[in-house]
Amino acid sequence: MLGLNQHRLDQLTELMTEHRWDVLLLYGHAWRKDFFRCLVNVNFSGPYAAAALCSGVTYALVSHPWDVDLVAPAVNGDTTCARDFAAGLRELAEVLKLAHEQVGRDYVSVAVAGLELMEARFLHALRDALGATPVSATAQVEELRSVKSPDEIACLKRAAHLADLGYQRFAEVIEPGMAEFELVAEVESFLKSNGAEDNFMLIASGGTEVTGMKPPTERRFQIGDSVTTELTPQIDGYYAQICRTLVLGEPNPQQREAFSIFSEARQAAEDLLKPGVDIADVARVQNDVFRKFGYGEYTGSKYTRVRGHNLGLHPDESPYVLEDVHYTVKKDMVVIAHPNTYLPLSGYMVYGDTLLVTENGCTGLNRAERKLFQK
Amino acid sequence: MKRGLITWHKDELPPQAFDTRLAAARRVLSERDLPALVVYSDVWRSNQGRYFSNFMPYWNRALLVIPSEDKPVLLCSLSPRVYPWIKSVTILEEIKPSPNLAQRVFEMATEKGWTKIGVLDEGSLPYDLYSQLHAGDLEVLDVPASRIRPCADEWELAMCARAEKLAREILAEEMPQAPGLIDHEFVGRLERKFRRAGAEDLILLIANPGTPAPPTGAILRQDFAVAVALEYRGHWVSIAPDGTAHNCLSPAGAEFL
């Protein structure tokens, strides 16, 4: 899966023809490598990289010399390195203009996937060199990325398996007296030892005073704590996620009651998720469960962010699972549906699995037990 | 990724450091006749906002607004549910929920009667935010970071020295035992040690030997080397494979210099 994604190259070439783009540039920086990696799946060190598709040739620009050896074998055009990335983009624009002049064109239309993330000075450099402002290809490329190829699904399955193992490790090592950040250190170590490129992880611990997850603190776990986490390991570029809640000691009746509501909400989402469904309804059926039990107010933005999201080369891809986001679900999308929210019964609670949309429904990619964990 | 310990120990980084930095920003505002300075922050480009307030957004975006004659205000896209935590690890007392950052800047400017603002290194803003800020009636002027922080201050140097010491100590402990291990396993060991020692973020590249690169599952040779970029409480240091250390004080922070 690492290297040039031929399937994506074919898709992007078709997209360029459809939109009459002469050049498609895929921009990435250290935090958002996903647009670059959707074509050139290389874990660059950065801070910046760009791939440019033009007349069947893929060029690459990196900002650190160490990245040249990684990226060059994956593209069929030149790979150049520029510490001054704006200057590098200007030089790349000249190369692209020249390539077009050779085929009898004097105007180059350029689209950028990730344009919104690009530092303004970089876009200005491109604009000045090209004599025209590039247009955004972000939405179109995101749409292509939302449906996964068999190779991408294979990566996501491996990432989901590692998420399961990571959670198993989490549940094994947690103990009263341990600090949140020490637990995260153990899990990070485990995931990296087992081949994760990266991991997005949030955590929270405590009781009904806990309203959301965040990075780990120095707080030490106590008996009775509800400990929530979302683990999102990355394998060959692709993130899969698991959300689970663990109680230290015997769960109290309120924690059990809360979990039963979350369980019903998660199941409602999985029962509905299939091709042709509006993603808004996947959020609605989760929220309806909370409404049924009198907790409707805890389904809004005051207490929760989203009821799930797409997964892939970014841990939080579009579309978001929200009642006001309308998007028709397609086969081979990989989504997490998680009814994570605050409830006065238990404090913040999380529960969800990575789901692959199949022909007639969906299948969970995680194998971790579906239960309220306790230790 | 930012998932280590984000905290503020005032014995390491006293409030006086932030007072001094904010005063420097206000001096430049006064010289430029600007009523406020806007500082962009996101999960990756957090270092400028961190410098003035100790704020680090583990997710999403924020703008730190430093008025010339008032306390700084955070315009934050994160949920108000985490504002108590933000206040506990920063100098910030006022945080305004801001799903649309540019809109909130305009509202604040109207409320305060500002007709222009300075933006720290505005060319480094993400293009969508840059465009939105320039689409309003507010005059937006670039304020180069180098005008306010021309060189590292004593607190930055002390924190970077602490980070470097931490990195060197852990590498000295772990490197001799590494040959023969799979690179992933070695990276896992380092992650554990660094994170338990309080590392906030960590990037590890392996040269086995050759160009440093992410681990690939290879067995480490006797002559392998490692490149480390470590963020300790908002301060980055990198150790190159040859052992050279660099304080990474650029906005992006985690650059191997």
- With the condition kept exactly as written, say whether any residue in the range A:226-241 is over 21 Å from A:T354 (Cβ atoms) and surrounded by fewer than 21 Cβ atoms within 10 Å (Cβ to Cβ). no
- Task: State whether one or more residues within the range B:29-39 are more than 14 Å from every other protein chain (Cβ to nearest Cβ), without any contact (Cβ under 8 Å) to a residue 40 or more places away in the chain and either charged (D, E, K, R) or assigned to a strand (DSSP E or B) (or both).
- Result: yes
- Message: If B:N60 satisfies all but one of (1) more than 14 Å from chain A (Cβ to nearest Cβ); (2) touching a Leu at 6+ places or on another chain (Cβ under 9 Å), what's the number of the condition it fails?
- Response: (1)
- Filtering the range A:274-312 down to residues that are within 14 Å of another protein chain (Cβ to nearest Cβ) and within 30 Å of A:S149 (Cβ to Cβ) yields A:R305, A:V306, A:H309
- Query: Any residue at all in the range A:147-166 that is among the hydroxyl-bearing types (S, T, Y) and outside any loop (DSSP other than H, G, I, E, B)?
  - Reply: no
- Message: Between B:E154, B:E139, which is over 28 Å from A:V112 (Cβ atoms) and of a type in the set (D, E)?
- Response: B:E154
- Give me the pairs: first residue in the range A:212-223 and away from chain B (no Cβ under 13 Å), second residue polar (S, T, N, Q), beta-carbon distance under 6 Å, and six or more apart or on different chains, which are they? A:F221/A:S205
- With criteria (1) free of Cβ contacts under 8 Å to residues at least 12 places away in the same chain; (2) loosely packed, with under 15 Cβ neighbours inside 10 Å, A:A120 comes up short on (2)
- Message: Considering only residues that are touching a Phe, Trp or Tyr at 6+ places or on another chain (Cβ under 8 Å) and assigned to a loop (DSSP other than H, G, I, E, B), which ones fall in the range A:182-238?
- Response: A:V210, A:T211, A:G212, A:M213, A:P215, A:P216, A:T217, A:E218
- In the range B:193-224, residues that are more than 24 Å from the chain's Cα centre (by Cα), within 12 Å of chain A (Cβ to nearest Cβ) and over 18 Å from A:S193 (Cβ atoms) total 3
- Would you say A:R32 is closer than 20 Å to A:D10 by Cβ and within 15 Å of the chain's Cα centre (by Cα)? no
- Message: Residue under question is B:P97, and the condition is that it be surrounded by fewer than 17 Cβ atoms within 10 Å (Cβ to Cβ) and closer than 30 Å to A:Y239 by Cα; does it hold?
- Response: yes
- Query: Among the residues of the range B:154-170, which ones are surrounded by fewer than 16 Cβ atoms within 10 Å (Cβ to Cβ) and either in contact with a strand residue (DSSP E or B) (Cβ under 6 Å, 6 or more places away or on another chain) or of a type in the set (D, E, K, R) (or both)?
  - Reply: B:E154, B:K165, B:R168, B:E169
- Message: Show the residue pairs meeting these rules: Cβ distance below 7 Å; 6+ apart or different chains; first residue within the range B:186-214 and in a loop (DSSP other than H, G, I, E, B); second residue of a type in the set (S, T, Y).
- Response: B:G198/B:Y232; B:A199/B:Y232; B:E200/B:Y232
- Residues of the range B:137-147 satisfying the condition of being within 14 Å of chain A (Cβ to nearest Cβ) and either under 19 Å from the mean Cα position of the chain (by Cα) or more than 22 Å from B:F52 (Cβ to Cβ) (or both): B:P144, B:A145
- Scanning the range A:130-139 for residues that are assigned to a helix (DSSP H, G or I) and either surrounded by 20 or more Cβ atoms within 10 Å (Cβ to Cβ) or among the β-branched types (V, I, T) (or both), which turns out farthest from the chain's Cα centre (by Cα)? A:L130
- So, of the residues in the range B:122-136 that are at pLDDT 95 or above and surrounded by fewer than 19 Cβ atoms within 10 Å (Cβ to Cβ), which turns out to be farthest from the other protein chains (Cβ to nearest Cβ)? B:A135
- Confirm whether A:D236 is on the phi > 0 side of the Ramachandran plot and charged (D, E, K, R). yes
- Message: Within the range A:317-372, considering only strands (runs of 3 or more DSSP E) that don't extend past its boundaries, which have at least 1 residues that are charged (D, E, K, R) and either surrounded by fewer than 22 Cβ atoms within 10 Å (Cβ to Cβ) or modelled with pLDDT under 95 (or both)?
- Response: A:317-320
- Which residues, counting only those in the range A:225-252, are in contact (Cβ under 8 Å) with a residue 60 or more places away in the chain and over 23 Å from the mean Cα position of the chain (by Cα)? A:S226, A:L246, A:V247, A:L248, A:G249, A:E250, A:P251
- Message: Just to be sure before I move on: is A:E186 out of contact with any strand residue (DSSP E or B) (no Cβ under 7 Å at 6 or more places or on another chain) and within 8 Å of another protein chain (Cβ to nearest Cβ) in the structure I sent?
- Response: yes
- Message: For a quick check of your reading: which helices (runs of 4 or more DSSP H) sit entirely within the range B:65-136 and have at least 1 residues that are closer than 23 Å to B:Q16 by Cα and touching a strand residue (DSSP E or B) at 6+ places or on another chain (Cβ under 7 Å)?
- Response: B:83-88
- Restricting the range B:174-185 to residues that are part of a helix (DSSP H, G or I) and touching a helix residue (DSSP H, G or I) at 6+ places or on another chain (Cβ under 7 Å), which is farthest from the other protein chains (Cβ to nearest Cβ)? B:E174
- Note on the structure: Going through (1) modelled with pLDDT of 95 or more; (2) not in a strand (DSSP E or B) one by one, B:Q48 fails only at (1)
- For the range A:291-311, which residues satisfy the criterion of being on the phi < 0 side of the Ramachandran plot, modelled with pLDDT of 95 or more, assigned to a loop (DSSP other than H, G, I, E, B) and not aliphatic (A, V, I, L, M)? A:F293, A:Y295, A:R307
- Take A:E172 and decide whether it is among the acidic types (D, E), within 8 Å of another protein chain (Cβ to nearest Cβ) and assigned to a helix (DSSP H, G or I). no
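Matching residues to (1) within 13 Å of chain B (Cβ to nearest Cβ); (2) in contact with a Leu (Cβ under 9 Å, 6 or more places away or on another chain):
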{"position": "A:V23", "(1), (2)": "no, yes"}
{"position": "A:A30", "(1), (2)": "yes, no"}
{"position": "A:V42", "(1), (2)": "yes, yes"}
{"position": "A:V62", "(1), (2)": "yes, yes"}
- Note on the structure: Of the residues in the range A:318-351, those that are within 29 Å of A:V227 (Cβ to Cβ), under 15 Å from the mean Cα position of the chain (by Cα) and more than 14 Å from chain B (Cβ to nearest Cβ) number 6
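The values are calculated or read from the model by the stated rules, or taken from the named source; none is laboratory data. Note that the structure is a prediction, hence the values are computed from the model and not measured. Using ideal geometry, Cβ is built from the backbone for each residue, glycine included, and neighbour counts are taken over all protein chains shown.
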